[in-house]
Every structure is written in structure tokens, then in C-alpha cells.
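Encoded as C-alpha cells, the structure appears first; notes follow it.
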Amino acid sequence: MRGRRKKIMSVVIKGIVLAAFLVFFLAPVYTLVIESLKPESQWLTGTLFPTRLTLSNYGAVLHGRIYRQVTYIPPIMGYMINSLIVSLAEMVISILLGSLAAYAIQRYRTGGSFLSGWIISMMFIPPVGVIIPLLIYYTRLGLYDTLTVLIISGLIFTLPLAVWIMIAVYQGIPTSLEEAAYVDGFGRLRTIFRFIYPVALYGFLAVGILVFVFSWNSFTIPLVLTSSTSAQTLSVYISEFQTLYGSVYGPEAAAGVLMSIPTVIFVGFIVKYLGKGLVSGFGKR
Amino acid sequence: MARGTKLFGWILISPTLAVLLFLAIFPFAYLIYLSFQRFDPFISSNITFVGFQNYVTLTKDISFPIILENTFVFLAAVVLLVFAFGLVLALMLRNPFPGRNIIIILIMIPFMLSTAVIGTLWRISLQPFGYVNYVVTFFHIKPEAWLDRTFGSPTYVMIWLIIAAVWELTPLIFLILFTGFNSIPKELYEAAQVDGMSSFRQFRIITFPLSRTTIFLALFFAFLFPLRSFGLVYNLTYGGPGIYTATLPFYIYLTGVSFTSPYAGYGYASVLSILLLVIVSVIVIVLNLITRGQEVSGFYER
């Protein structure tokens with residue numbers, strides 16, 4: 001009897017703690033969504049269950065609108081396209097370069113554990129730490145405020161990430177595959193493309209989505225290296241609500257929701273692959 | 001290994017190395033060069049050699065000790081909380097139960113958001129009429145304009161900045177620990193239960209020793225991601241009130257990009273950047289040294 005009582009107590013305590021964590025993690029998200037649906041008169045009231053919901057904030061963000069006679073909110077579309085181009089380009093480059101580098105590290109131990117450790121630690125460099133030289137350099141080259149520099153610079157984080165995850169992917173592919181291909185007279189490079197890549201396809205998908213999410217969300221690099229709508233990305237657009245437009249909360253929240261949808265739909269995928277990739281790529285490189 | 005294979009490996013890795021050398025080594029070399037120059041583009045485009053003057057500025061700048069204190073308070077608090085929360089969640093969600101996967105997915109949502117959006121949703125939550133002020137009244141705390149950049153209390157703003165950072169980072173730490181714990185064979189726990197081991201003892205004898213590598217990995221992220229979190233400061237507090245929530249990455253921005261700090265200029269900003277990179281490198285090296293000794297005996301090496 002006592003054992004059962006104790007067990008019930010522990011389940012109840014566990015439930016309460018988990019519920020508290022869920023409220024902590026989800027309350028701000030709920031606030032964001034509900035704020036994006038509030039009419040202008042209720043933006044500052046902070047009510048969590050507004051009586052009237054509207055999509056007008058989304059309309060404002062999609063088409064652009066003037067608030068309080070002076071505050072012009074530009075349409076979101078251009079920024080979204082910029083974000084999309086940068087993220088997709090970074091995804092392709094990271095997969096291409098990262099898959100080759102990870103192959104060398106995992107199969108040939110190129111550069112030993114020092115080099116692989118160095119590549120992976122690049123991921124931890126704070127972008128702010130290297131942004132000033134890049135800013136000066138790009139300005140001199142006439143590349144400041146272009147999508148190209150965003151794509152290149154973002155690689156400082158996404159490329160090491162891709163290498164890291166791909167190492168874990170290759171670990172799961174038996175070397176007998178290459179041995180068979182060599183016996184059949186295939187060269188090393190052709191073996192990679194013909195036999196390894198098809199097997200590693202799910203790994204490419206995992207890396208691709210991870211890189212897309214991180215690149216879509218990146219903030220520091222686009223903030224510093226761009227200044228006009230021709231290259232600014234979504235995260236810069238949203239941060240401008242705070243710095244330029246003041247408390248236009250409804251449209252700001254609507255923009256936040258629109259920006260988050262493409263990444264949040266991948267959350268199940270991230271749960272499945274990010275932890276696994278990071279943990280086994282780290283342990284066995 | 002044949003020489004040809006060795007060369008082939010280097011050929012495969014060279015594009016990645018080229019990109020990373022350009023993005024990391026070149027800027028670092030340029031930072032060192034700039035740190036000995038005066039270069040203030042709003043005054044003149046000339047670069048003049050000034051010796052160690054920018055490094056001396058570090059000792060004259062009265063904001064600098066405040067920035068350093070902010071950075072380390074922020075870092076220490078975030079590391080501690082993120083690790084504690086991540087660990088508690090990973091342990092609680094280790095064993096399957098109905099609804100577990102949905103809970104995991106919901107917990108991971110903050111990790112999927114951009115810092116720009118995280119700034120937005122916390123600013124909305126913390127505005128004078130936001131829900132946070134409803135909640136705090138239950139704990140007999142006076143509702144406030146928590147993030148007020150003119151009259152706000154530096155302590156409160158720092159606390160909220162830390163909470164937002166913990167909110168942002170806990171999911172990742174949880175996921176790493178959770179994955180590590182889950183790769184431990186279940187039979188070990190079954191055997192321990194047969195022996196009547198308490199759950200604390202199970203953690204000490206099975207979970208902890210077998211997931212050392214995972215724990216170090218989680219520590220890596222817990223220590224280094226707060227040092228990257230420039231975006232959160234920018235979007236949530238903008239360093240305010242005054243500079244009392246400005247961390248080192250944000251101060252670099254004020255000094256070298258927006259030119260709004262008293263010693264603004266590329267030279268001094270370079271000194272600050274070097275300092276940031278040195279702090280990051282020291283943490284990476286120390287954690288690496290600790291891990292290297294462990295890795296051999298770690299679970300994943302077996």
C-alpha cells in the first residue's frame with residue numbers, strides 16, 4: 001500500500017513539474033500568436049483571450065500599411081524571398097562541401113582529430129567576433145548589402161554543423177560498400193557519387209533541414225552586413241519593429257508568426273535528427 | 001594508408017577548409033592588425049598606426065568593467081539554469097509514457113524561433129499590461145514595466161534577459177542530454193531495479209558514467225551559445241537601461257557597427273572582438289582537454 005501511494009505521489013509531482021515547464025515554454029508562443037490576431041484597439045491591453053479576432057495584422061504585414069499617420073510598415077514579401085534565397089543557397093553549399101569534408105574525416109581520418117575538432121569548433125565562434133573585419137572587407141570589395149555576402153558568411157556556422165552531422169551519417173554506412181565498388185573498378189570519386197551518396201540521402205535531408213532552420217533564423221550577420229530591402233532578411237525586418245516603428249505589436253507579432261511557420265513545421269524532424277547527429281558525431285569523430 | 005588516399009582526403013576537405021579559413025582565420029588576422037590602428041570611418045577614412053593605444057583604452061573605458069560583469073553574470077546564470085532545466089527535463093522524459101513525444105515537440109518549439117522573434121514575444125509578454133504582470137501578482141510581486149529602458153531597474157531587466165536566454169537555450173541542452181540518456185541500454189536499468197537501486201543511485205552509477213561525453217557536449221553548447229547571443233540582447237533590451245544589460249557581443253556592436261559608445265571606432269572594437277574570441281577559445285580548449293581524457297572511456301568509444 002505504501003509503495004503504491006508513494007508511486008502516485010511521484011507521478012503527481014512529475015506531472016506538476018512538467019506542466020510548469022510546458023507553461024513556461026509555451027506561454028510566450030501563445031502570446032505571440034494571440035497578439036497577431038488582436039485588433040489595433042487591444043494591442044496594449046495584454047488580454048490573453050480577446051473577444052474579437054482579426055486577420056488585419058496579417059494583411060498589414062503582407063501588403064504594407066501606415067500606422068499613426070507616420071509609421072510605415074513595409075510589406076514582408078521581399079524580405080521573405082531574401083531569406084529564402086540565402087537559406088536555400090546555404091543549404092546546397094553546406095551539403096556539397098560538408099558531405100565531402102565529412103567523408104574525408106570519417107573514412108580517411110584526414111588531418112586527424114585536431115583538424116576535425118578545429119572545423120567543428122568554428123561553429124562556436126560568435127558571429128559578432130568576426131563581423132567587423134568582414135564588414136570592412138566586403139565594403140571594400142563593393143559586396144556590402146548583397147545576398148552573396150550573407151550566403152558566404154553564414155557558412156561559418158552552417159558548414160561546421162553540416163560536417164558534424166555528416167560524420168555521424170557516414171558512421172552508419174558500412175565500408176564494405178566502397179570495397180565492393182573498388183573491386184568492380186570504380187574510382188574513389190565515382191564511388192562516392194554513385195554508391196555512397198544514394199545511401200546517405202536521408203543524411204543530406206537531415207543536414208539540409210538543419211542548415212535551413214539555422215540559416216533562416218540567423219540574425220547578426222544580416223543585421224550588420226545589409227542596409228536595404230535588396231538584401232535584408234526576415235529577422236532584420238522583425239527587429240526593425242523595435243528599433244524603427246515603435247510598439248506596433250499586432251503586425252510585429254504577425255510577422256513573427258509568419259517567419260516561424262517554415263521552421264516550426266520541421267520541429268519533429270529536428271527532435272529526431274539533431275540530437276542523434278550531434279551526439280554521435282561528437283563521440284566518434 | 002596509400003599516399004594517393006591521403007591526398008584524396010585533403011582534396012575532399014580543401015573547399016571546406018578554404019571557406020573556414022576565409023571566414024575565421026583571415027578576420028582574426030585582420031582584427032589583430034586593426035587593433036593597432038586608429039580607424040574611425042565617420043571622421044576620416046585614414047588608417048593610422050597607434051601602437052597599443054586601443055588596448056590602453058580598455059583600462060580607461062569606464063563602461064568596460066560593467067560590460068564584463070554583465071557578460072559573466074549572464075553567462076554563469078544561463079549556464080547553470082539551462083543545464084539544470086535540461087537535465088531535469090531529460091531525466092523526467094527518459095522513460096516513455098503516453099503523450100511524451102508531443103511534450104518533447106512542444107518543448108522544442110522555442111529552439112525553432114529566430115532571436116528576432118524571441119525578442120518580440122518576450123517584449124509582448126513583458127509589456128506593462130502583458131500576462132507576466134498577471135502572473136507575478138499571484139506571487140505578491142508588484143507589476144512593472146519590466147523592460148523600461150529609462151526608468152527600469154537594471155537587476156530586473158538582467159533577470160528577464162537571463163530568463164529569455166534560458167527559454168531559448170534549454171530545449172537544445174535538453175535534446176542533447178535526452179538523446180545521450182536514451183542511448184544507454186535499458187537492460188542496465190532493469191538489472192538495477194531488480195537489485196532495488198534507488199533512482200538517484202541509478203543516475204550516479206549508470207546514467208552519469210555512461211553519458212559523460214553527452215554531458216560534456218551539452219556543456220559546450222551551454223557555455224558557448226550564451227556568448228553568441230547578441231541577437232537576444234539587441235532585440236529584447238538593446239543593452240538598456242543604459243548599458244546595464246549590454247554584454248560583450250553587444251558592446252562590440254555599439255563600438256564597431258553602430259558607433260554609439262564613447263570610444264567608438266574599428267580599432268577599439270577590434271580589441272573587444274579579440275577579447276571575445278579569446279574567451280571563447282579558452283572555454284573550447286578547456287572543455288576539449290577535459291573531454292579528451294574522458295572520450296576513451298566514454299560510452300560512444302566502446
Name the residues whose placed amide hydrogens come within less than 5 Å of the amide hydrogen of A:TYR67, ignoring near sequence neighbours (fewer than 5 apart) on the same chain. A:TYR72, A:ILE73
Rounded to the nearest 10 Å², what accessible area does B:SER44 have for a 1.4 Å probe in the complete protein model? 50 Å²
Counting helices only, and only those DSSP H runs with n ≥ 4, report the 222 nm mean residue ellipticity of chain A as the sum of -39,500 (n - 2.57) divided by its residues, in deg cm²/dmol to the nearest 500. -22500 deg cm²/dmol
Among A:ILE81, A:VAL70, B:VAL157, which residue has its Cα positioned farthest towards the positive end of the charge dipole of the protein assembly as shown, with +1 placed on the Cβ of Lys and Arg, -1 on the Cβ of Asp and Glu, and the dipole taken about the Cα centre? B:VAL157
Over chain A, what is the relative contact order in percent, taking alpha-carbon pairs closer than 8 angstrom and at least six residues apart? 29 percent
Ignoring everything but the protein chains, give the 1.4 Å probe accessible area of B:THR115 in square angstrom, nearest 10. 20 Å²
Charged-residue dipole, Cβ positions (Lys, Arg, Asp, Glu), the range B:12-153 about Cα centre, Debye nearest 20: 300 debye
Could you tell me whether chain B comes out rounded, prolate or oblate from its Cα gyration tensor? Rule is a ≥ b ≥ c as square roots of the eigenvalues, rounded for a/c under 1.5, then prolate if a/b exceeds b/c, otherwise oblate. oblate
Take every Cα pair under 8 Å in the range B:184-302 that's 6+ residues apart, average their separations, divide by the length, and report that relative contact order as a whole percent. 27 percent
Which of B:GLY242, B:GLY180, B:GLY265 moves the most in a Gaussian network model of chain B with Cα springs under 10 Å? B:GLY242
Most mobile of B:MET92, B:MET197, B:MET158 per a Gaussian network model of chain B (Cα springs, under 10 Å)? B:MET197
Between the alpha carbon centres of the range B:1-39 and the range A:30-52 the gap in Å comes to 50 Å
Which of B:GLY180, B:ILE206, B:TRP146 sits farthest toward the positive end of the charge dipole of the range B:141-215, with +1 on the Cβ of Lys and Arg and -1 on the Cβ of Asp and Glu? B:ILE206
Over what distance in Å are the Cα centres of the range B:115-150 and the range B:195-273 separated? 22 Å
Express in Å², to the nearest 10, the accessible area of B:ARG38 obtained by rolling a 1.4 Å probe over the protein heavy atoms while all chains stay in place. 120 Å²
Alpha carbon centroid spacing (whole Å) that separates the range A:55-123 from the range A:149-214: 19 Å
Amide proton proximity set for B:GLN37, modelled H, under 5 Å, gap of 5+: B:VAL50
Taking springs between alpha-carbon atoms closer than 10 angstrom, which of B:PHE138, B:PHE151, B:PHE223 fluctuates most in the Gaussian network model of chain B? B:PHE138
For a label point 7 Å from the Cα of A:LEU44 along Cα→C-beta, name the residues of the range A:244-263 whose backbone N is under 20 Å from it. A:244-254
State to the nearest 20 debye the size of the charge dipole of the protein assembly as shown about its Cα centre, where the only charges are +1 on K and R beta carbons and -1 on D and E beta carbons. 1520 debye
What list of ³J(HN,Hα) values in whole Hz, one per residue of the range A:261-274 in order, does the Karplus curve 6.51 cos²θ - 1.76 cosθ + 1.60 (θ = phi - 60°) give from phi, with Gly and Pro shown as x? 4, x, 8, 5, 5, 8, 4, x, 5, 4, 4, 6, 9, 5
So, with points 7 Å from each Cα along the Cβ direction, the B:ALA76-A:GLN69 label distance in nm works out to 5.2 nm
What FRET efficiency comes out for B:PHE203 versus A:ILE261 if R0 is 22 angstrom and r is the Cβ-Cβ distance? Round to the nearest 0.05. 0.05
For chain A, take the alpha-carbon Rg, divide it by the Kirkwood Rh, and send me Rg/Rh. 1.08
Answer in debye to the nearest 20: the dipole magnitude of chain B about its Cα centre, from +1 Lys/Arg and -1 Asp/Glu charges placed on Cβ, is 440 debye
A:THR110's amide H: which non-local residues (gap 5+, or another chain) put their own amide H closer than 5 Å, with H modeled 1.01 Å from N in plane and none for Pro or chain starts? A:ILE105
Separation in nanometres of the label points that stand 7 Å from Cα toward Cβ, at A:VAL17 and B:LEU91: 0.6 nm
Calculate the spin-label point distance for B:ALA192 paired with A:TYR197, positioning each point 7 Å from the Cα along the beta-carbon direction, and give it in nanometres. 4.6 nm
Toward the positive end of the charge dipole of the protein assembly as shown, about the Cα centre and with charges on Cβ (Lys, Arg +1; Asp, Glu -1), which of B:THR247, B:LEU277, B:ILE105 goes farthest? B:ILE105
Figure the gain on full extension for A:ARG5 and A:VAL33 (residue separation times 0.36 nm, minus the Cα-Cα span) and round it to one decimal in nm. 6.0 nm
Would you kindly state how much longer the chain becomes between B:PHE138 and B:PHE52 on full extension, computed as 0.36 nm times their sequence separation minus their alpha carbon distance, in nm to one decimal? 25.5 nm
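The values are calculated or read from the model by the stated rules, or taken from the named source; none is laboratory data. Note that the coordinates shown come from a computational prediction; the quantities given were computed from them, not determined experimentally. Methodologically, a virtual Cβ is constructed for each residue, glycine included, from the backbone with ideal geometry; neighbour enumeration extends over all protein chains shown. Please note that ligands, DNA and RNA were not included when accessible areas were found on the heavy atoms of the full protein model with its side chains. Shrake-Rupley method; radii C 1.70, N 1.55, O 1.52, S 1.80 Å.
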